[in-house]
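The values are calculated or read from the model by the stated rules, or taken from the named source; none is laboratory data. Predicted, not measured: the structure shown is a model, and the values here were computed from it. No Cβ is skipped: glycine too gets one built from the backbone with ideal geometry, and neighbour counts run over all protein chains shown. For accessibility, only protein heavy atoms count, side chains too; no ligands or nucleic acids. Shrake-Rupley method; radii C 1.70, N 1.55, O 1.52, S 1.80 Å.
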Amino acid sequence: MAPHHPEDVGMTGAEQPRQGGKGPRRAVAARDRTRQPTEVRRRLIVDAAVPLIAERGYKSVGVRDVAAAAGVSVGTVTYHFDSVQEVLSEAMVLHIEQYYAALSEAAEHATSGAEALRLLVDALFTEDTDRHWRMWFDFWHAGEQSTDETFARGQADRYAAWHRQIRALAERGVADGEFSSDDLDGFTARFAALADGLALQRLRQAPPLTTQEARHHLNRFIERELVPQPGTSPRRSRQGARPR
């Protein structure tokens with residue numbers, strides 16, 4: 001642990017860039033240090049870790065990287081977290097929760113279940129979501145390697161919440177009489193698997209896949225799995241939609 005008080009969030013033992021790029025950031029004098037609640041300090045550190053993971057990958061980020069990005073000492077990070085894996089795990093969960101909360105908000109503004117599914121598809125594949133998918137697959141891989149039961153349970157909870165979100169939108173469309181389905185659980189599992197597979201192909205570009213093509217495949221899947229009711233017809237995906 002660093003020799004200074006662990007609550008001195010403003011203090012750092014090495015020069016760090018100032019916010020706004022106005023030169024090096026030096027250690028803060030004792031009289032000027034700000035002591036913040038534990039939950040605030042932890043969130044500061046976790047927030048700083050998110051873009052690092054997105055840029056470098058889960059395994060390429062160390063405790064010194066996180067400390068530098070958060071503008072705190074290594075000792076402050078190790079005081080609040082048992083390991084760098086704990087920091088990175090919380091950062092990934094935070095990002096995933098925020099991402100899917102934005103998807104849920106977009107879907108809630110839809111006028112129907114079918115429209116909500118189209119908005120979901122549009123939001124899953126944009127030029128801005130490649131970063132999310134990279135983090136998602138990092139999160140997935142980390143779960144396979146981790147022996148931490150808490151981490152495994154948290155990851156399982158994320159998957160379950162994602163499946164519930166997909167199923168709820170399909171169920172809404174059935175309830176609204178837009179389409180019919182006798183296997184919503186199966187639809188949910190297949191939709192999630194196809195989305196993951198398309199995302200992996202999109203990131204690796206083997207074979208090449210555009211965001212428009214990925215959305216097209218998912219929309220075609222929905223049209224074939226969820227049978228439109230008489231008097232309804234599937235509309236084209238709104239290509240410009242983004243998560244709100």
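The conditions of being closer than 22 Å to SER104 by Cβ and touching a strand residue (DSSP E or B) at 6+ places or on another chain (Cβ under 7 Å) are not met by GLY154. Of everything in the stretch 148-185 that's open to solvent by less than 30 Å² (accessible area, probe 1.4 Å) and more than 22 Å from GLY113 (Cα to Cα), which residue is modelled with the lowest pLDDT? Checking each candidate, the answer is PHE151.
Please go through the stretch 124-147 and pick out each residue that is farther than 20 Å from LEU52 by Cβ and either surrounded by 15 or more Cβ atoms within 10 Å (Cβ to Cβ) or in contact with a strand residue (DSSP E or B) (Cβ under 6 Å, 6 or more places away or on another chain) (or both).
Selection gives LEU124, PHE125, THR126.
All told, ALA68 falls short of being in contact (Cβ under 8 Å) with a residue 40 or more places away in the chain and crowded, with 22+ Cβ neighbours inside 10 Å. Based on what the data block shows, is THR111 in a loop (DSSP other than H, G, I, E, B), modelled with pLDDT of 85 or more and either within 25 Å of ALA67 (Cβ to Cβ) or in contact with a helix residue (DSSP H, G or I) (Cβ under 9 Å, 6 or more places away or on another chain) (or both)? In short, no.
May I ask you to list the residues in the stretch 38-51 that are under 22 Å from TRP136 (Cβ atoms) and either surrounded by fewer than 17 Cβ atoms within 10 Å (Cβ to Cβ) or at pLDDT 90 or above (or both)? Lay out the reasoning, then the answer.
Initial filter on the stretch 38-51 (under 22 Å from TRP136 (Cβ atoms)): 43, 45-51.
Listed by number, the residues that qualify are ARG43, ILE45, VAL46, ASP47, ALA48, ALA49, PRO51.
Of the numbered criteria (1) modelled with pLDDT of 85 or more; (2) surrounded by 19 or more Cβ atoms within 10 Å (Cβ to Cβ), the one LEU88 fails is (1). Applying the condition of being assigned to a loop (DSSP other than H, G, I, E, B) and of a type in the set (Gly, Ala, Ser) to the stretch 149-191 and asking which residue is farthest from GLN85 (Cα to Cα) yields GLY177.
State whether the residues of the stretch 140-148 include one that is outside any helix (DSSP H, G or I), touching a residue at least 12 places away in the same chain (Cβ under 8 Å) and not basic (Lys, Arg).
Checking the stretch 140-148: at least one residue is outside any helix (DSSP H, G or I), touching a residue at least 12 places away in the same chain (Cβ under 8 Å) and not basic (Lys, Arg).
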